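Working notes, beginning with the structure itself.
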Amino acid sequence: MPDLSSLPAVEKLAAALSTNVSLPRPLVNLFVRREIQVFREKLLADEAHSREEIEASVKKGLRDFANSRLQPVINATGVLIHTNLGRSPLGPRAAGALQKIATGYSNLEFDLPSGARGKRAGYLETALACLLETQAATAVNNCAAGLVLTLRTLVEEGKNEVIVSRSELVEIGGGFRIPEILETSGAKLVEVGATNKTHLYDYEKAITPQTALILKVHRSNFYIDGFVGEPEITELAELSKKHGFPLVEDLGSGAMMNTDELAPIDHEPTPQECLRRGIDLVIFSGDKLLGGPQSGIIGGRADLIAEIKKEPFFRAVRCDKLILTTLQESIDQYLEVKADPASSDVPVLTFLGTSTTDLRDRADEIISSLSSDKVTFSVEDSLARPGGGTMPRAEFPSIAIKLVPQNQSVAKLAKQLRVGSPALVGYTTDDALFLDLRTIFPADDALISEALAQVL
Ligand SMILES: *Cc1c(COP(=O)(O)O)cnc(C)c1O
């Protein structure tokens, strides 16, 4: 195969692209080679294309490929924890710590006072336990890993039944389904109750000598209403205690603050509340409402956490130093600002608590310098959502810039902004594009004015 980068057309292509994103030349070669192979096969199947068509197709493909490179995006969707947009952004404090640890050496597994080998994440585990007001805690790569690890640790041959209510057989997305997670963990699912109602006696009847644990799963991304009911956690705790097996909860979002005090939304159960009611182990994500890095936190009984840390699988899902330092920073901050949530620098919490008056002022300012006869724009009331599989019912007041293109499609306008630099992602209805201010960093307002000025 000849080196395609010497061909004038490829040379021209790569040069044209380098204005936006510059791709390493071997990647351009690989991509062009693949595209040409596709056209070659088409030709063999009697489907001919002109040179211009081929060039245009390769160029478009290459541009789309360049855009798929991980890059910053301005989130104007009004969805705070947008899984597709990387869930929670880190605050300046965590980002600063990340920079320092990432670019130097650290005491990751080194005990400075003795000069001997030290324990990874020892400080973080103590801080987590303190924050959760419980005996012990640890962290792994994500909540899903935390759940698999916990199940693998707590089920054994001849004692592998895990009891779950039929109303909690959740699919989280990205292939995460409770029945399948149980299967991969070596657990045998024992479903109890009905979709809408599960009684204490349902759990009670399902208990056998093979029962390993009862699992509660938070209905993070859907809700059931009407003729519904389930036993209190305290009743389940009493039941599992009586039979001598643990009660575990997959909580999902892990809000540390009372969400209902920050915004007009539901109260999201906190890990502390779960543990206080008698859950033996609670598992939740670090990058949802906690606002930290992608991680899974497991907290609760010290004997169970010790067992989990001894399980060989723990080694496969342990956090690296970059995650450990950002999580450590996030947790310390929660411990410090406990009395005053407003002083936290966690972006999702700041976004949650910003007043619509502030948002409206910023929106007015952004559009104040714009003028266009191609697009009409206005500032409108809108609704923001927590997202990320948390509080599916919650919508709260926000402010959005509404853009109505006069002689092009909304889809085209939205795409222009998405593939711009920086990428700007809003949401569309049939006739308008909305840019919601709730999830936009004030520091990005000027960039939005510029991006809009360019496309208008
Ligand atoms: C989000 C969620 C998970 C998955 O969390 P990850 O950190 O993405 O692995 C698991 N369980 C529940 C209930 C969730 O809401």
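The values are calculated or read from the model by the stated rules, or taken from the named source; none is laboratory data. Predicted model only: the values in this text are computed from it and were never measured. Glycine also receives a Cβ, built like all others from the backbone with ideal geometry; neighbour counts cover every protein chain displayed. The accessibility values were calculated without ligands, DNA or RNA, using every heavy atom of the protein model including side chains. Shrake-Rupley method; radii C 1.70, N 1.55, O 1.52, S 1.80 Å.
In degrees between 0 and 90, to the nearest 10, how far off the longest principal axis of the chain does helix 233-243 point, with axes built from Cα atoms? Compared with the principal axis, the helix lies near 50 degrees. Could you report the accessible area of PHE434 in Å², rounded to 10, computed with a 1.4 Å probe on the protein chains as they sit in the structure? Ignoring ligands and nucleic acids, PHE434 comes out at about 30 Å². Rounded to whole Å, the principal axis extents of the Cα atoms in region 290-356 read 49, 24, 18, largest first.
The order of ARG166, ARG301, ARG117 by accessible area, most exposed first and with a 1.4 Å probe, is ARG117, ARG166, ARG301. Since only ALA194, LEU132, ALA97 are under comparison, the one whose Cα sits farthest along the positive direction of the charge dipole of the chain, derived from C-beta charges on Lys, Arg, Asp and Glu, is ALA97. The mean sequence separation of alpha-carbon pairs under 8 Å and at least six residues apart, normalised by the residue count of the chain, gives a relative contact order of 20 percent. Across region 261-277, coupling constants 3J(HN,Hα) worked out from phi with the 6.51/-1.76/1.60 Karplus curve, θ = phi - 60°, read 8, 8, 8, x, 9, 4, 7, 8, x, 9, x, 4, 4, 4, 5, 4, 7 Hz, and Gly and Pro carry x.
For ILE81, the residues whose modelled amide H falls within less than 5 Å of its own, excluding neighbours fewer than 5 places apart on the same chain, are GLY387, GLY388. When only Cα pairs below 8 angstrom with a gap of at least 6 residues are kept, region 411-456 shows a relative contact order of 38 percent.
Region 309-327 and region 181-246 have Cα centres lying 29 Å from one another. Report the far tail of the P(r) of region 181-249, meaning the percent of Cα-Cα pairs longer than 20 Å. When every Cα pair of region 181-249 is considered, 30 percent fall beyond 20 Å. The three principal axes of the Cα atoms in region 13-163 give end-to-end lengths of 70, 47, 40 Å, sorted in falling order. Against the empirical curve 2.2 N^0.38 Å, the C-alpha radius of gyration of the chain lands at a ratio of 1.15.
Whole-Hz Karplus values for region 202-211 come out as 5, 5, 4, 5, 7, 6, 9, x, 8, 5 Hz, taken residue by residue from phi with 6.51 cos²θ - 1.76 cosθ + 1.60 and θ = phi - 60°; glycine and proline positions read x.
For the residues TYR105, TYR427, a 1.4 Å probe over the protein chains yields an accessible-area ranking, largest first, of TYR105, TYR427. Applying D = kT/(6 pi eta Rh) to region 68-145, where Rh is the Kirkwood radius over alpha-carbon pairs, T corresponds to 10 °C and eta to 1.306 mPa s, the Stokes-Einstein value obtained is 100 µm²/s. Computed over region 396-456, the P(r) tail beyond 20 angstrom holds 20 percent of alpha carbon pairs.
Relative contact order of region 92-343, taken over Cα pairs closer than 8 Å and 6 or more residues apart, is 26 percent. What do you get for the angle between helix 122-132 and the principal long axis of the chain? Use alpha-carbon atoms, 0 to 90 degrees, nearest ten. Computed tilt is about 80 degrees. Largest accessible area first, the listed residues GLU157, GLU365 line up as GLU157, GLU365 when surface is computed with a 1.4 Å probe on the assembled protein chains. Dipole magnitude for the chain: computed about the Cα centre from +1 point charges on Lys and Arg Cβ and -1 point charges on Asp and Glu Cβ, it is near 1320 debye. Computed 3J(HN,Hα) for region 365-372, one whole-Hz value per residue from the Karplus formula 6.51 cos²θ - 1.76 cosθ + 1.60 where θ = phi - 60°, is 4, 4, 8, 4, 8, 8, 8, 6, glycine and proline marked x. Considering region 92-343 at the alpha-carbon level, its Rg and Dmax are found to be 18.6, 62 Å.
Each residue was assigned an accessible area with a 1.4 Å probe, and for HIS49 the value is about 60 Å².
When peptides 132-140, 191-199, 366-374, 255-263 are ranked by their average number of other Cβ atoms within 10 Å per residue, the highest-first order is 132-140, 255-263, 191-199, 366-374. Quick check: the angle from helix 321-337's long axis to the longest principal axis of the chain, C-alpha only, nearest 10 degrees? It is inclined by approximately 70 degrees.
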